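These notes are about the structure you will find just below.
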Amino acid sequence: MVSQGSSADWPQQRIEALKEKFGFDKPFFEQLVDYTNNLLHGEFGRSIKFNRDVAPILETKVPISVQLGLAATFLVIVFGVPLGVLAAAAHNRWPDTVILGTTMTLQAIPEFVLGPVLTVIFVLWLKILAVPVGWNGLFTQQSILPLAVLTIANVPIIIRQTRASMLEMAGSDYIRTARTKGLSERKILMKHMLRPALIPVSTTAGMLMTSLVNGAIFVEAVFNIPGLGNLTRDATLSLDYPLVMGVVIIITVLVMMGNLIVDLSYPLIDPRIRNR
């Protein structure tokens with residue numbers, strides 16, 4: 001830690017020494033040039049709060065959030081797409097009503113409320129899980145409740161997107177033509193409707209993936225997970241500018257990678273895109 005107490009208690013000489021140490025005494029443009037030059041050499045600067053280089057701090061935090069975010073995205077897709085297809089297939093019937101009602105209810109519960117509620121149910125009442133604090137890896141009991149919270153909070157988005165895409169496909173001319181030819185509803189649903197409908201779903205899933213990796217601040221705070229979300233909160237509250245900048249750059253890279261993965265997935269989902 002760099003300091004204890006308020007900066008108002010520091011002597012001016014110490015403040016000026018810290019400004020010189022972290023380069024805050026230079027003009028803004030010169031600071032920008034120096035930071036960009038250091039960034040090109042893989043240096044993110046030095047954390048004011050931890051008095052350490054930013055890069056090693058990020059190296060320990062980013063993998064945790066990436067594991068948590070990717071696993072949650074996988075679970076959201078696994079549960080969300082089939083339920084969305086079922087809701088579309090049973091349009092305006094009781095399965096559709098039940099799925100949509102449950103979806104709207106779950107979407108109204110904030111993550112910082114859902115986390116403690118699930119903890120009370122599974123830890124205190126049912127006593128089937130230990131207190132989920134900290135992080136010992138993705139395939140441990142500690143990850144069950146955080147993944148459950150992220151999945152429950154975000155699966156309604158994929159359900160609604162899948163349902164809407166399937167219903168939009170159902171009104172297409174080629175679907176009406178397929179029904180006229182006598183194709184079974186199952187074949188129409190799985191072969192002719194699902195693949196085109198998954199294009200907008202994959203776009204939504206890509207956005208969810210980057211937001212889950214970068215923005216699980218409440219979940220990481222509730223379960224004390226030492227990931228990127230907790231780091232972002234601590235860096236912002238302590239005005240640790242080099243660390244905040246490092247986090248922003250990492251988030252930007254992750255968003256770009258997420259968008260690239262989504263774009264590359266389009267031809268795999270619907271091969272007809274390759275010929276366009």
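Tabulated results
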item	result
Cβ-defined net charge surrounding Lys61, 15 Å radius [Lys, Arg +1; Asp, Glu -1]	-2
Share of Cα-Cα pairs in the stretch 46-164 lying beyond 21 Å, as whole percent	52 percent
GNM top mover of Leu18, Leu106, Leu58 - the chain, alpha-carbon springs below 10 Å	Leu18
Local electrostatic count, Lys49, Cβ distance below 13 Å [Lys/Arg +1, Asp/Glu -1]	0
Lys, Arg +1 and Asp, Glu -1 on Cβ, resulting dipole of the stretch 116-203 about Cα centre, debye, nearest 20	420 debye
Positive-end residue of Leu189, Leu118, Ile144, charge dipole of the chain with Cβ unit charges	Leu189
Mean shadow area of the stretch 158-274 over all directions, Cα convex hull, nm²	9.4 nm²
Contour excess over end-to-end distance, with Cα ends at Gln141 and Asp173 and 0.36 nm allotted per residue	6.6 nm
Translational diffusion coefficient (Stokes-Einstein; Kirkwood radius from C-alpha pairs) of the chain at 37 °C, 0.692 mPa s, in µm²/s	150 µm²/s
Label point at His41 placed 7 Å out along Cα→Cβ; residues across the stretch 237-251 whose backbone nitrogen lies under 19 Å	242-243, 246
The chain: relative contact order in percent, alpha carbon pairs under 8 Å with at least 6 residues between	25 percent
Cβ-derived FRET efficiency at R0 25 Å, Met207 paired with Ser238, nearest 0.05	0.30
Computed label-point distance, nm, for sites Leu70 and Val113 using a 7 Å Cα→Cβ extension	3.3 nm
Sites Asn92 and Ile199, calculated FRET efficiency, Cβ-Cβ separation with R0 25 Å, nearest 0.05	0.55
GNM result for the chain, Cα springs below 10 Å: residue of Lys187, Lys49, Lys61 fluctuating most strongly	Lys187
222 nm mean residue ellipticity, helices alone, for the chain (DSSP H n ≥ 4; -39,500 (n - 2.57); rounded to 500)	-22500 deg cm²/dmol
Linear extension gain, Ile261 paired with Val33, 0.36 nm per residue minus alpha-carbon span	78.9 nm
Listed residues Thr210, Thr252, Thr105, most fluctuating in the chain (Gaussian network, C-alpha, under 10 Å)	Thr105
Angstrom value of the Kirkwood radius, inverse mean 1/r, which spans all Cα pairs in the stretch 104-181	15.3 Å
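Read-outs throughout are calculated quantities, based only on the coordinates presented, and are distinct from any laboratory measurement. Only a predicted model underlies this, so the values are computations on that prediction, with no experimental measurement involved. Here the Cβ is made from the backbone with ideal geometry for all residues, glycine too, and neighbour counts use every protein chain on show.
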